[in-house]
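Participant: I am attaching a structure below and will ask some questions about it afterwards.
The values are calculated or read from the model by the stated rules, or taken from the named source; none is laboratory data. For clarity, every value in this text was computed on a predicted model and none was experimentally measured. Note that each Cβ is placed from the backbone with ideal geometry, even for glycine, and that neighbours are counted across all protein chains shown. These area figures cover heavy atoms from the full protein model, side chains too; ligands, DNA and RNA do not enter into them. Shrake-Rupley method; radii C 1.70, N 1.55, O 1.52, S 1.80 Å.
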Amino acid sequence: MLTKLFINGNWEDALSGKTFPTINPATTEVIAHIAEGGAEDVDRAVQAARAALDGPWGKMNAAERAKIIWKMGERIMARADELAKLETMDNGKTITESSRIDVPYSADLYFYYAGAATKLEGHTIPVNGPYFCYTLREPLGVVGLIVPWNFPLLLASRKVAAALAAGNTVILKPAAQTPLTAIALAEIGMEAGLPPGVLNVVPGHGATAGAALVKHPGVDGVALTGGTATGQQLMRDASNTVKKLHLELGGKSPNIVFADADLEAAAKMALMGIFYNKGEVCTAGSRLLVEKSIYDNFIEKVIERAKKMQPGDPMDPKARLGPLVSAAQLENVKKYVALGEQEGARLLVGGRQPEAAPVKGYFFQPTIFDQVQPDSTIAQEEIFGPVLATLTFQDGDELLKIANGTMYGLAAAIWTKDIKKAHRLAKEIKAGTVWINTYNNYDAAMPYGGYKMSGFGVESGMAAFEFYSQSKSVWVDLS
Ligand code: NAD
């Protein structure tokens, strides 16, 4: 298994000689020891990326770049089984999710951005005076891409594919918990024909490798998917070099069920909204807001389904809920469950580790609270685990107040058959994505980003080029 840093097309040890273990959360065993990138390794990667930008990659036209990016998608699909297993082993998500979602959706991003690479255009602009004016869309330059552990390959690919399409060179820093598929991605880039230095992968910790990328004067921009506190730290660290940032941060998304909804569908998707990927999803529907008149009937449906959804060995194709990613994340989830009980919420289902897990690991039962106060900790803070906070509402005003009443604004869902009500509310909710009668849909073509403290900037779709490219205005005197 590849475990080294990938810098300038070569597999390298860290200059410090340090390594860190990556752990299988289903067994708690060490999978591999990974070279631990530090500031000096980031510096080497930045130099390689700059040379590639000034050299072969910068000189390539968009159509040539597009062919390589397309091939990366093909290579991902050719290695789909291996990548899905790596992802499940490293993160704990079920093999069904890795193979049906993470891997093919990652490949799709390369297919989409291969096409997009040749569609980046400037404009001609009429101005006052005898001038011919036009804009050029140019790459941002050398970009640092910092990703979390919940969708390691998919979230890396969202950034890498768009960055390459716009002509940038990249230093990718995966999360220390889940570096394996990012390392495989370096190999895939090489197989597809990326010149050395275009995609460098430097696994390591946030406070060292990550911070070094953000502070490095040779890095033109950094895109982060991570927690809100990390985003705040990045803004401070990036200020010295006035670095362009793109931040995809946390969420506490309301999943709103009206009395006139298709309740079977809403119940099924309420579970998917919170328990998909063990709740380690930035857009998790972690606040279920149910209209009071149907609450008892609806919550019964949700509870019944949740009880059937016990954690199991994620490598088993029948498993629906894997272990949490790490011991630290398990502790975090336990802390919030205890807080929920202390604050007076009622525990309806779960709340602890399963007594008879099939394997030793960081498993946690699907957990549902109700009688949750809108301003309580478990209704306000992101838990990032399989814990659902259920609240009720009586009318539209109360609903909006609760739905918009957190610091986050990443996503929301609305379940109703009243199409006017759905569209009205979609407009009033302060979130970057609103799903109507569905949940957790993504597409390479569809812009995705947060409002409020869920971040700024958009990824996926052509909108991602706002970050990955810059506009140059050119004036020509015609007098
Ligand atoms: P995290 O913020 O701890 O880490 C994310 C990445 O940032 C990791 O690679 C980490 O090493 C790096 N990092 C940490 N501190 C850093 C620093 N000071 N400088 C530079 N890099 C640093 O988050 P996590 O625990 O890995 O992931 C969970 C968080 O990510 C949750 O809050 C979740 O909501 C968020 N997330 C958001 C989205 C989204 O699209 N908005 C998607 C997935 C996850």
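Participant: Can you spot a residue in segment 333-354 that is within 22 Å of GLU87 (Cα to Cα), in contact (Cβ under 8 Å) with a residue 12 or more places away in the chain and outside any loop (DSSP other than H, G, I, E, B)? Give the derivation first.
Facilitator: The initial filter retains those residues of segment 333-354 that are within 22 Å of GLU87 (Cα to Cα), namely 333.
Among the residues that remain, those that are also in contact (Cβ under 8 Å) with a residue 12 or more places away in the chain are: 333.
From what is left, the residues that are outside any loop (DSSP other than H, G, I, E, B) are 333.
Within segment 333-354 (the criterion being within 22 Å of GLU87 (Cα to Cα), in contact (Cβ under 8 Å) with a residue 12 or more places away in the chain and outside any loop (DSSP other than H, G, I, E, B)), the answer is yes, since at least one residue qualifies.
Participant: Next question, about the same structure. Among the residues of segment 163-189 satisfying the criterion of being surrounded by fewer than 24 Cβ atoms within 10 Å (Cβ to Cβ) and within 9 Å of the ligand (Cβ to nearest atom), which is nearest to ASP102 (Cα to Cα)?
Facilitator: Among those residues, the one meeting the criterion is GLN177.
Participant: Shifting gears a bit: Return a yes/no flag: does segment 132-139 have any residue that is outside any loop (DSSP other than H, G, I, E, B) and either within 16 Å of the ligand (Cβ to nearest atom) or of a type in the set (D, E, K, R) (or both).
Facilitator: So the first thing to find is which residues in segment 132-139 are outside any loop (DSSP other than H, G, I, E, B), and the list is 132-139.
Filter once more, so that each one left must be either within 16 Å of the ligand (Cβ to nearest atom) or of a type in the set (D, E, K, R) (or both): 137-138.
Checked against the condition, which is being outside any loop (DSSP other than H, G, I, E, B) and either within 16 Å of the ligand (Cβ to nearest atom) or of a type in the set (D, E, K, R) (or both), segment 132-139 yields at least one hit.
Participant: Does TYR408 satisfy the condition of being open to solvent by less than 40 Å² (accessible area, probe 1.4 Å), farther than 17 Å from GLU381 by Cα and either at pLDDT below 95 or within 16 Å of the ligand (Cβ to nearest atom) (or both)?
Facilitator: Values: open to solvent by less than 40 Å² (accessible area, probe 1.4 Å): yes; farther than 17 Å from GLU381 by Cα: no; either at pLDDT below 95 or within 16 Å of the ligand (Cβ to nearest atom) (or both): yes.
Criteria not met by TYR408.
Participant: What is the number of the single condition among (1) surrounded by fewer than 24 Cβ atoms within 10 Å (Cβ to Cβ); (2) within 16 Å of the ligand (Cβ to nearest atom); (3) without any contact (Cβ under 8 Å) to a residue 60 or more places away in the chain that GLU121 does not meet?
Facilitator: Only one criterion is unmet by GLU121, namely (2).
Participant: Just one of VAL474, VAL458 is over 18 Å from ALA62 (Cα atoms) and out of contact with any helix residue (DSSP H, G or I) (no Cβ under 9 Å at 6 or more places or on another chain); which is it? Even if it seems obvious, please write down each step before you answer.
Facilitator: On the way: VAL458 fails: out of contact with any helix residue (DSSP H, G or I) (no Cβ under 9 Å at 6 or more places or on another chain).
Of the residues listed, the single one that is over 18 Å from ALA62 (Cα atoms) and out of contact with any helix residue (DSSP H, G or I) (no Cβ under 9 Å at 6 or more places or on another chain) is VAL474.
Participant: Select from segment 235-251 the residues that are open to solvent by less than 20 Å² (accessible area, probe 1.4 Å) and either without any contact (Cβ under 8 Å) to a residue 12 or more places away in the chain or within 9 Å of the ligand (Cβ to nearest atom) (or both) and list them in ascending order.
Facilitator: LEU247, GLU248, LEU249, GLY250, GLY251
Participant: Test each condition in (1) out of contact with any Ser or Thr (no Cβ under 8 Å at 6 or more places or on another chain); (2) in contact (Cβ under 8 Å) with a residue 12 or more places away in the chain for LYS420 and report the one that comes out false.
Facilitator: For LYS420, the exception is condition (2).
Participant: Restricting to segment 34-47, name every residue that is under 14 Å from ALA175 (Cα atoms) and more than 23 Å from the chain's Cα centre (by Cα). Let's see the steps before the verdict.
Facilitator: Our first condition is that a residue be under 14 Å from ALA175 (Cα atoms); within segment 34-47, this holds for 34-38.
Answer for segment 34-47, where residues must be under 14 Å from ALA175 (Cα atoms) and more than 23 Å from the chain's Cα centre (by Cα): ALA35, GLY38.
Participant: So is GLY385 of a type in the set (Gly, Ala, Ser) and either out of contact with any Ser or Thr (no Cβ under 6 Å at 6 or more places or on another chain) or outside any loop (DSSP other than H, G, I, E, B) (or both) or not? Full working, then the answer.
Facilitator: On the way: of a type in the set (Gly, Ala, Ser): yes; either out of contact with any Ser or Thr (no Cβ under 6 Å at 6 or more places or on another chain) or outside any loop (DSSP other than H, G, I, E, B) (or both): yes.
Yes, satisfied.
Participant: Hey, can you tell me all the residues within segment 280-309 that are in a helix (DSSP H, G or I) and in contact with a Ser or Thr (Cβ under 7 Å, 6 or more places away or on another chain)?
Facilitator: Of segment 280-309, the ones in a helix (DSSP H, G or I) are 292-307.
LYS292, TYR295, ILE299 - these are the residues of segment 280-309 that are in a helix (DSSP H, G or I) and in contact with a Ser or Thr (Cβ under 7 Å, 6 or more places away or on another chain).
Participant: Go through segment 20-52 and give me each residue that's open to solvent by 30 Å² or more (accessible area, probe 1.4 Å) and over 23 Å from VAL325 (Cβ atoms).
Facilitator: If the condition is that a residue be open to solvent by 30 Å² or more (accessible area, probe 1.4 Å) and over 23 Å from VAL325 (Cβ atoms), then ALA39, GLU40, ASP43, ARG44, GLN47, ARG50, ALA51 are the ones that fit.
Participant: Pick from VAL160, VAL201, VAL103: which is more than 22 Å from VAL30 (Cβ to Cβ), open to solvent by less than 10 Å² (accessible area, probe 1.4 Å), within 16 Å of the ligand (Cβ to nearest atom) and not polar (S, T, N, Q)?
Facilitator: Details: VAL201 fails: more than 22 Å from VAL30 (Cβ to Cβ); VAL103 fails: within 16 Å of the ligand (Cβ to nearest atom).
Being more than 22 Å from VAL30 (Cβ to Cβ), open to solvent by less than 10 Å² (accessible area, probe 1.4 Å), within 16 Å of the ligand (Cβ to nearest atom) and not polar (S, T, N, Q) holds for just one of VAL160, VAL201, VAL103, which is VAL160.
Participant: Still on this structure, I have one more. Limited to segment 215-234, what total is found for residues that are among the aliphatic types (A, V, I, L, M), more than 30 Å from LEU289 (Cβ to Cβ) and either free of Cβ contacts under 8 Å to residues at least 40 places away in the same chain or within 11 Å of the ligand (Cβ to nearest atom) (or both)? Before the answer, list the steps.
Facilitator: Residues of segment 215-234 that are among the aliphatic types (A, V, I, L, M), as a first pass: 219, 222-224, 229, 234.
Narrowing further to those that are more than 30 Å from LEU289 (Cβ to Cβ): 219, 222-223, 234.
Then drop every residue that is not either free of Cβ contacts under 8 Å to residues at least 40 places away in the same chain or within 11 Å of the ligand (Cβ to nearest atom) (or both), which leaves 222-223, 234.
Qualifying residue count, segment 215-234: 3.
Participant: (1) over 23 Å from ASP418 (Cβ atoms); (2) loosely packed, with under 15 Cβ neighbours inside 10 Å: which one isn't true of ILE274, the others all being true?
Facilitator: (2)
Participant: Looking only at segment 351-367, decide whether some residue is aliphatic (A, V, I, L, M), more than 16 Å from the ligand (Cβ to nearest atom) and at pLDDT 95 or above. Full working, then the answer.
Facilitator: The initial filter retains those residues of segment 351-367 that are aliphatic (A, V, I, L, M), namely 356-357, 359.
Applying the additional criterion that residues be more than 16 Å from the ligand (Cβ to nearest atom) yields 356-357, 359.
Then drop every residue that is not at pLDDT 95 or above, which leaves none.
Scanning segment 351-367, I find no residue that is aliphatic (A, V, I, L, M), more than 16 Å from the ligand (Cβ to nearest atom) and at pLDDT 95 or above, so the answer is no.
Participant: Taking the stated definitions as given, is MET446 in contact (Cβ under 8 Å) with a residue 24 or more places away in the chain, among the aliphatic types (A, V, I, L, M) and open to solvent by 50 Å² or more (accessible area, probe 1.4 Å)? Write out each step before concluding.
Facilitator: Working: in contact (Cβ under 8 Å) with a residue 24 or more places away in the chain: no; among the aliphatic types (A, V, I, L, M): yes; open to solvent by 50 Å² or more (accessible area, probe 1.4 Å): yes.
So MET446 does not fit the description; no.
Participant: Looking at GLN373, GLN380, can you tell me which residue is away from the ligand (no atom under 16 Å from the Cβ) and either open to solvent by 70 Å² or more (accessible area, probe 1.4 Å) or modelled with pLDDT of 95 or more (or both)? Talk me through it step by step, then tell me what you get.
Facilitator: On the way: GLN380 fails: away from the ligand (no atom under 16 Å from the Cβ).
So the residue among GLN373, GLN380 that is away from the ligand (no atom under 16 Å from the Cβ) and either open to solvent by 70 Å² or more (accessible area, probe 1.4 Å) or modelled with pLDDT of 95 or more (or both) is GLN373.
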